[in-house]
1. Within the group LEU31, LEU83, which residue is of a type outside the set (Lys, Arg), closer than 22 Å to MET111 by Cβ and loosely packed, with under 13 Cβ neighbours inside 10 Å?
2. Would a scan of the range 18-33 turn up a residue that is part of a loop (DSSP other than H, G, I, E, B), free of Cβ contacts under 8 Å to residues at least 60 places away in the same chain and touching a strand residue (DSSP E or B) at 6+ places or on another chain (Cβ under 9 Å)?
3. Regarding GLU12, is this residue in contact with a strand residue (DSSP E or B) (Cβ under 8 Å, 6 or more places away or on another chain), charged (D, E, K, R) and under 21 Å from LYS128 (Cβ atoms)?
4. So, of the residues in the range 1-14 that are of a type outside the set (Asp, Glu) and closer than 21 Å to GLN96 by Cα, which turns out to be surrounded by the fewest Cβ atoms within 10 Å (Cβ to Cβ)?
5. In this structure, does MET38 turn out to be closer than 22 Å to LEU124 by Cβ and either surrounded by fewer than 14 Cβ atoms within 10 Å (Cβ to Cβ) or in contact with a strand residue (DSSP E or B) (Cβ under 6 Å, 6 or more places away or on another chain) (or both)?
6. Being modelled with pLDDT of 95 or more, over 13 Å from the mean Cα position of the chain (by Cα) and part of a strand (DSSP E or B): is that true of ILE122 here?
7. Looking at this structure, is THR117 over 18 Å from LYS128 (Cα atoms), surrounded by fewer than 19 Cβ atoms within 10 Å (Cβ to Cβ) and in contact with a helix residue (DSSP H, G or I) (Cβ under 6 Å, 6 or more places away or on another chain)?
8. Hey, ASP17 hits all of (1) at pLDDT 95 or above; (2) closer than 23 Å to GLY119 by Cβ; (3) surrounded by 14 or more Cβ atoms within 10 Å (Cβ to Cβ) but one; which does it fall short on?
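The values are calculated or read from the model by the stated rules, or taken from the named source; none is laboratory data. If you're wondering where the values come from, they're calculated on a predicted model, not measured in any experiment. Reconstructed Cβ throughout: ideal geometry from the backbone, glycine too, with neighbour counts over all protein chains shown.
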Amino acid sequence: MELKRNVVGWFELPVTDMDRAIKFYETVFDLKLERQKMGDFEMAMFPYADLPGTPGALIQHAEWYKPSADGILIYFTSQSGDLEDELSRVEGAGGQVLIPKRLITEDIGYMGVFADTEGNRIALHSRK
């Protein structure tokens, strides 16, 4: 079977404190999130462009979403081109670097992992 699109179409990152989470992600990634209320769900959308990659949002709901360091690992693409830039802002924004920048392979590039202010484990990827 030939892929017609990427297998991931959307992601939602659970948060317990939306204000804190928005501040963290806006600081680390140097971008603005768009806050929205959808019924009893509070969301903050990451910017989206018609480029390769998958859009997503922070999401808060007391019953259905719980942050976790043990679940799925999402890889964000470094917008600066070097994930060290984003990792350098993690601790100042209240998170913790768990795995510093390291080479995966020459063909794939680099990765790093951090814990956000909500308790989620998040990865970063860049080619350099």
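1. Values: LEU83 fails: loosely packed, with under 13 Cβ neighbours inside 10 Å.
Checking each option against the conditions leaves just LEU31.
2. Taking the range 18-33 and keeping what is part of a loop (DSSP other than H, G, I, E, B), we get 30-33.
Remaining after also requiring free of Cβ contacts under 8 Å to residues at least 60 places away in the same chain: 30-33.
Checking which are touching a strand residue (DSSP E or B) at 6+ places or on another chain (Cβ under 9 Å) leaves us with 33.
Yes, there is a match, as at least one residue in the range 18-33 is part of a loop (DSSP other than H, G, I, E, B), free of Cβ contacts under 8 Å to residues at least 60 places away in the same chain and touching a strand residue (DSSP E or B) at 6+ places or on another chain (Cβ under 9 Å).
3. Details: in contact with a strand residue (DSSP E or B) (Cβ under 8 Å, 6 or more places away or on another chain): yes; charged (D, E, K, R): yes; under 21 Å from LYS128 (Cβ atoms): no.
Against the criterion (in contact with a strand residue (DSSP E or B) (Cβ under 8 Å, 6 or more places away or on another chain), charged (D, E, K, R) and under 21 Å from LYS128 (Cβ atoms)), GLU12 does not qualify.
4. So in the range 1-14, the residues of a type outside the set (Asp, Glu) come out as 1, 3-11, 13-14.
Add one more test, that the residue is closer than 21 Å to GLN96 by Cα, and what stays is 13-14.
Details: LEU13: 22, PRO14: 18.
Once the filter is applied, the top-ranked residue is PRO14.
5. Numbers: closer than 22 Å to LEU124 by Cβ: no; either surrounded by fewer than 14 Cβ atoms within 10 Å (Cβ to Cβ) or in contact with a strand residue (DSSP E or B) (Cβ under 6 Å, 6 or more places away or on another chain) (or both): yes.
When the stated conditions are applied, MET38 does not pass them.
6. On the way: modelled with pLDDT of 95 or more: yes; over 13 Å from the mean Cα position of the chain (by Cα): no; part of a strand (DSSP E or B): yes.
Considered against the rule, which asks whether it is modelled with pLDDT of 95 or more, over 13 Å from the mean Cα position of the chain (by Cα) and part of a strand (DSSP E or B), ILE122 comes out as no.
7. On the way: over 18 Å from LYS128 (Cα atoms): yes; surrounded by fewer than 19 Cβ atoms within 10 Å (Cβ to Cβ): no; in contact with a helix residue (DSSP H, G or I) (Cβ under 6 Å, 6 or more places away or on another chain): yes.
When the stated conditions are applied, THR117 does not pass them.
8. (3)
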